[in-house]
């Protein structure tokens, strides 16, 4: 295990965790992290393939993730969308397959800077939500992560008000397009740089859906 990984685990283990916690290490560290963390912390993968096995060198299937103890998978992360080139439909299908294999899904949505500046934040978020809705039949094991792409690597940080506006809009979309029950039960989390700024903002948890945090980082 790398020094960075060991340091993270030691620090995390010493932290008092008030809420449900899920950790998503790189694939190669999943087993090591899982064996080192308390059972109160669940393990997520950062990605999964769209179906069962096949000749897809370098991809990881939902079945393989379950074999190593994963209970969650992150799908639709901005880097998968905008660097790898995964589109909404493909991501929706990945979510459907992961759920069919009993993996819980952290479904990422979020707009780029030019889309926000053009006033298209809600439109983009709703398009991404619709792709998930078109593919999945149950939202019981889905958590929605609002991840504004424009706040990644730009020095910009979404304000609490900006994040809350999207969370309320997502709740309203779920209520109108899925059901009031799904809207009230589905957790929505915020992810992006500067996310620890939100840890003290208890007022955000008073929006129509519980707001939690998706904390990310990268290492060279």
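FYI, it's all coordinate maths here, none of it is from the lab. Predicted, not measured: the structure shown is a model, and the values here were computed from it. Reconstructed Cβ throughout: ideal geometry from the backbone, glycine too, with neighbour counts over all protein chains shown.
For the pair residue 67 and residue 83 in one chain, pulling the backbone fully straight at 0.36 nm per residue adds 2.9 nm over the alpha carbon distance.
Placing pseudo-labels 7 Å out from each Cα toward the beta carbon at residue 137 and residue 177 gives an inter-label distance of 2.1 nm. Here 27, 8 are placed in order of increasing Cβ neighbour count within 10 Å, fewest first, which gives 27, 8. Please label the shape of segment 48-214 as rounded, prolate or oblate, based on the square roots a ≥ b ≥ c of the eigenvalues of the alpha-carbon gyration tensor (a/c under 1.5 means rounded; beyond that, a/b larger than b/c means prolate, else oblate). Prolate, since a/c reaches 1.5 and a/b exceeds b/c.
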